[in-house]
Amino acid sequence: MLLIEADGKALFTAVGIPVPAGVVVTDVVPALPNDGPFVVKAQVPVGGRGKAGGVVLCNTRPEAEAAVAGMLGSRLKGHAIESCLVEAAVAGAERYLAIMVDPASYGLRVMFSAAGGVAIEQSDSVEARLCAPHPGAVTEALNDLIANEPEAWRAQVAAIGKALASLLLEKELALAEINPLFVAESGCVAGDAKVVVDLNAMYRQPVLSAMIAARPTVYADACRKLTEGFDYVELDPEGEIGLVTTGAGLSMMLIDELTARGAKPLNFCDIRTGQMRGSPARLIRVLEWITARPSLKAVLVNIFAGITDLGEFAGLLAAAVTASPGLHVPVVARLVGRNAADAKRILAAALPDMLVTEDLAEALARIDAIVGAAP
Ligand code: GDP
Ligand code: MN
């Protein structure tokens with residue numbers, strides 16, 4: 001999961017990677033680090049902000065204040081801008097430096113380009129080396145990649161690369177990227193921080209877990225995973241079909257199927273029926289998140305039960321639906337597997353309006369009808 005730049009830069013600072021002087025602003029602009037020029041940067045967990053208008057160069061404090069006022073409360077690439085980073089603008093040539101986990105080789109991929117900046121994706125100048133996941137191996141790969149850099153700052157870039165590698169290894173990151181890395185004889189500075197954390201490692205990464213927990217709205221899905229112990233990802237805040245599903249692969253397949261039919265799924269969900277332990281609490285939570293979206297038109301439950309007893313699940317589903325006063329849309333349940341007949345009987349008695357079927361095509365046809373018929 002991608003961290004916002006301000007959090008990435010806090011991690012950089014902790015390992016000694018220089019970043020520009022700056023302040024995170026959520027309301028009025030406080031005292032600024034100098035007289036300008038500044039860069040005002042939207043803090044949303046998404047890349048490509050520069051091209052989307054989320055990075056604005058400002059010469060004076062009033063300009064910076066206007067840029068902040070324009071950004072706060074607006075949206076960038078689907079994310080609400082809750083805060084801005086106001087930094088002293090840096091001058092210098094732009095480099096690209098990144099280290100990422102390379103699962104195929106059980107190692108790391110170190111990348112460098114002398115043509116850093118927003119056009120890096122179109123650039124064919126990025127050179128890469130695979131190496132073992134050890135600081136020494138990264139240093140060697142990086143030294144090779146930066147061999148043609150001017151002597152004036154080559155040692156500084158090497159030191160930054162070394163610090164970036166230790167950060168990635170200690171914090172078990174999936175990616176640590178600096179683009180642009182401003183290079184100059186007087187000093188090299190990380191102009192941006194793109195840090196992707198591995199949520200599966202959070203239980204042994206207290207600094208990162210605390211960072212995520214501190215921003216429950218920015219990192220909503222990650223916070224949910226850490227506190228609830230299962231995956232729920234909001235795909236489209238304007239989605240129409242809320243999904244209560246289990247199994248990551250099956251859930252993704254259903255999302256693809258719905259999207260292909262022109263429906264708008266709201267969320268991904270792997271509810272893990274085996275962890276519900278006879279309580280409807282987890283189902284109630286999911287229905288709460290789903291029904292919080294006014295665009296919702298239907299809820300589709302899809303459970304393919306191998307070990308799960310569908311009779312027990314049906315009882316919990318009935319209890320959860322009954323205990324969800326905010327649920328005002330039809331629920332369609334496709335339940336297939338162990339004790340499906342019991343499930344059908346239990347739900348028919350408790351919630352006679354609910355379509356319960358073992359047939360996916362029938363469930364999807366009902367969803368189509370509901371979405372099509374809704375105003
Ligand atoms: P991203 O588009 O989300 O990766 O955001 P960046 O932080 O990388 O900013 C986008 C672009 O804005 C960079 O590639 C730079 O060209 C430019 N930029 C960002 N900060 C500065 C700065 O301090 N000085 C200058 N001159 N340009 C900057
Ligand atoms: Mn960038």
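Modelled this way, with points 7 Å down the Cα-to-C-beta line, the labels at Lys194 and Ala155 are 3.1 nm from one another.
Applying a DSSP loop filter and a limit of 13 other Cβ atoms within 10 Å to the GluC sites (Glu not before Pro) in region 211-296 leaves Glu238.
Annotation for region 1-73: trypsin sites (Lys or Arg not before Pro) lying in DSSP loop with at most 16 further Cβ atoms inside 10 Å of their Cβ are Lys51.
Dipole check for region 223-336: with +1 at the C-beta of Lys and Arg, -1 at the C-beta of Asp and Glu, and the Cα centre as origin, the magnitude is about 140 Debye.
Phi angles across region 85-94 convert, under the Karplus curve 6.51 cos²θ - 1.76 cosθ + 1.60 with θ = phi - 60°, into 3J(HN,Hα) values of 9, 10, 10, 5, 5, 10, 10, x, 6, 9 Hz, Gly and Pro given as x.
The simple spin-label model puts a point 7 Å past each Cα toward its Cβ; for Ala88 and Lys51 those points are separated by 3.1 nm.
Distance from the Cα centroid of region 179-212 to that of region 215-252 is 24 Å (rounded to whole angstrom).
The dipole here belongs to the chain: it is taken about the Cα centre, uses +1 on the Cβ of Lys and Arg and -1 on the Cβ of Asp and Glu, and is about 720 debye.
Only protein atoms count toward the accessible area here, which uses a 1.4 Å probe; on the chain, the carbon and sulfur part of that area reaches 56 percent.
Filter Lys9/Lys194; Lys9/Lys162; Lys41/Lys194; Lys225/Lys297 down to the pairs with a C-alpha to C-alpha distance above 18 Å, please. Long pairs (Cα-Cα over 18 Å): Lys225/Lys297. On the basis of the beta-carbon distance and an R0 of 45 Å, Thr26 and Asp102 show a calculated FRET efficiency of 0.75. Across Ile178, Ile99, Ile284, mean-square fluctuation computed from a Gaussian network of the chain (C-alpha pairs under 10 Å connected) peaks at Ile284.
Placing a label point 7 Å from the Cα of Ser166 along the Cα-to-Cβ direction, the residues of region 1-30 with a backbone N closer than 17 Å are 10-19.
Under a Gaussian network description of the chain, with springs only between Cα atoms under 10 Å, the residue in Thr26, Thr60, Thr291 that fluctuates furthest is Thr60. For the chain, modelled as a GNM whose springs connect Cα atoms under 10 angstrom apart, the maximal fluctuation among Asp198, Asp231, Asp124 occurs at Asp124. With the charge dipole of the chain set up from +1 on Lys and Arg Cβ and -1 on Asp and Glu Cβ about the Cα centre, the Cα lying farthest toward the positive end among the listed residues Phe112, Leu296, Asn267 is that of Leu296. Rolling a 1.4 Å probe across the protein heavy atoms gives the chain an accessible surface of 45 Å² per residue. Taking region 43-70 and a reference point 7 angstrom along Cα→Cβ of Ala184, the backbone N atoms nearer than 16 Å belong to 58-59.
The values are calculated or read from the model by the stated rules, or taken from the named source; none is laboratory data. These numbers were taken from a predicted model, which means no experiment stands behind them. Cβ sites come from the backbone with ideal geometry, for glycine too, and all protein chains shown count toward neighbours. Remember, those area values only see protein heavy atoms, side chains included, never the ligands or the DNA or RNA. Shrake-Rupley method; radii C 1.70, N 1.55, O 1.52, S 1.80 Å.
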